[in-house]
Amino acid sequence: MNYQLLDGKKISADMKAEIAAEVKEIVAAGHKPPKMVAILVGHDGGSETYVASKMKTGHELGFEDELIRFEDSVTEKELLDTIDRLNNDDSVDGFIVQLPLPKHIDEQKIIEAINPNKDVDGFHPINVGKTSIGLPSFVSATPAGILELLKRYNIETKGKHCVVLGRSNIVGKPMAQLMMLKAYPGDSTVTVCHSRTKDIAAITREADIIIAALGTPEFLAGDMVKEGVVVVDVGTTRVPDASRKSGFKLTGDVKFDEVAPKASYITPVPGGVGPMTIISLMRNTLISARRRRGMEAKYLYFS
Ligand code: GUN
């Protein structure tokens with residue numbers, strides 16, 4: 001089968017141009033540009049890269065942005081105080097706390113301290129719950145980016161069997177909920193597989209659409225999929241690779257060389273889901289900014 005790449009790099013560039021034009025409109029109407037703040041704790045290599053990329057994209061879009069950094073030794077109280085300040089700072093349209101956080105900090109407590117109206121990551125239980133029942137809400141960035149990719153390639157999802165690999169709160173669970181909503185993309189029959197699922201291959205072989213978000217490098221092999229499958233690879237594990245300057249290779253959850261020849265559509269890693277996640281966060285921030293300035297703004301995927 002001749003597969004087509006689901007090109008997140010290209011689609012995110014298209015979206016970037018659309019968002020930048022809207023930022024210009026907001027400013028031309030006499031408003032301040034959208035403002036996004038990121039909180040980064042510690043020096044984890046992956047988190048550093050993601051946050052740097054988010055700040056750079058925001059800057060290129062004409063957003064105001066601010067990065068608040070803490071060392072690993074930060075206390076829960078310091079973080080909660082910062083969140084409280086950002087919740088009450090009228091100049092801030094949205095903010096994120098980059099995960100994971102150090103072990104001594106209760107991640108869920110931090111997430112629940114964020115004002116749901118500024119929770120552009122869509123991690124607060126209010127946004128998670130609203131998303132799951134199809135109410136207007138901030139949709140978390142990776143699932144939102146995947147939906148946008150499916151939409152812009154006109155992938156049929158109605159009545160299809162969608163298999164989600166992984167049950168994380170930020171990808172697997174919301175992805176499964178969204179794919180079963182009465183909507184497009186959506187209307188799928190969804191199966192969720194995870195580390196305790198028996199005979200995953202028997203399930204993935206029945207899948208029309210596979211969303212791989214286990215974080216296990218090259219988990220999905222060629223003999224685990226059927227011809228014509230649509231494959232979305234969310235994995236971004238840093239696998240050591242001495243031949244590279246960075247010392248690692250960003251590796252997805254899919255054995256691309258084996259799976260691609262059987263697929264109708266497939267995302268590359270990198271250049272698939274990654275850039276879609278970042279641009280979706282920016283779109284959530286734009287939505288927040290428009291709403292806070294009294295301008296019309298629809299949440300993603302909800303009319
Ligand atoms: N860690 C991994 N992905 C994400 C994300 O989308 N947002 C935040 N805040 N942390 C993450």
At 7 Å along the Cα-to-beta-carbon direction for both residue 151 and residue 115, put a label point, then send me their distance in nm to one decimal. 2.6 nm
Using a 1.4 Å probe, how large is the accessible area of residue 152, given in Å² and rounded to the nearest 10? 80 Å²
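Can you give the Kirkwood hydrodynamic radius for the chain, in Å, rounded to one decimal and based on Cα pairs? Don't skip to the end; give the middle numbers.
On the way: mean 1/r = 0.0504 Å⁻¹.
Here the Kirkwood hydrodynamic radius works out to 19.9 Å.
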By average C-beta atoms within 10 angstrom, highest first, the peptides 294-300, 136-142: 136-142, 294-300
Can you give the extra length, in nm with one decimal, that the chain gains between residue 189 and residue 158 once fully stretched, where that is 0.36 nm per residue apart less the Cα-Cα distance? 10.3 nm
Can you give the angle from 0 to 90° between the axis of helix 8-28 and the longest principal axis of the chain, with both taken from C-alpha atoms, to the nearest 10? 20 degrees
With a 1.4 Å probe and every protein chain kept in, tell me what percent of the accessible surface of the chain is carbon plus sulfur. 52 percent
Could you pull the accessible area for residue 223 with a 1.4 Å probe, rounded to 10 Å²? 100 Å²
My understanding is that a pair violates if its Cα-Cα distance is over 28 Å; which of 9/160; 35/245; 103/255; 54/173 do that in this structure? 35/245; 103/255
With R₀ set to 30 angstrom, the calculated FRET efficiency between the beta-carbons of residue 182 and residue 81, to the nearest 0.05, is 0.10
Might you tell me the accessible area per residue for the chain, computed with a 1.4 Å probe and given in Å²? 46 Å²
Can you give the accessible area of residue 291, probe radius 1.4 Å, in Å² rounded to 10? 120 Å²
Relative contact order of region 37-122, pairs being alpha-carbon contacts under 8 Å that are 6 or more residues apart, as %: 36 percent
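For residue 67 and residue 21, compute 0.36 nm times the residue count separating them, minus their Cα-Cα distance, and round to one decimal in nm. If you can, show how the numbers build up before the last one.
Numbers: separation 46, 0.36 × 46 = 16.56 nm, distance 2.39 nm.
Between residue 67 and residue 21, full extension yields an extra 14.2 nm.
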Using Cα atoms only, what is the angle between the long axis of helix 76-88 and the major principal axis of the chain, expressed in degrees (0 to 90) to the nearest 10? 70 degrees
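Obtain the radius of gyration and the Kirkwood radius of region 1-75 from its C-alpha atoms and give Rg over Rh.
Numbers: Rg = 16.4 Å, Rh = 14.6 Å.
Using Cα coordinates only, the ratio equals 1.12.
The values are calculated or read from the model by the stated rules, or taken from the named source; none is laboratory data. Nothing here was measured: the structure is a model prediction, and the numbers come from that model. Every residue, glycine as well, gets a Cβ built from its backbone with ideal geometry; the counts of neighbours run over all protein chains shown. We work out accessible area using only protein heavy atoms, side chains counted, and drop any ligands, DNA or RNA first. Shrake-Rupley method; radii C 1.70, N 1.55, O 1.52, S 1.80 Å.
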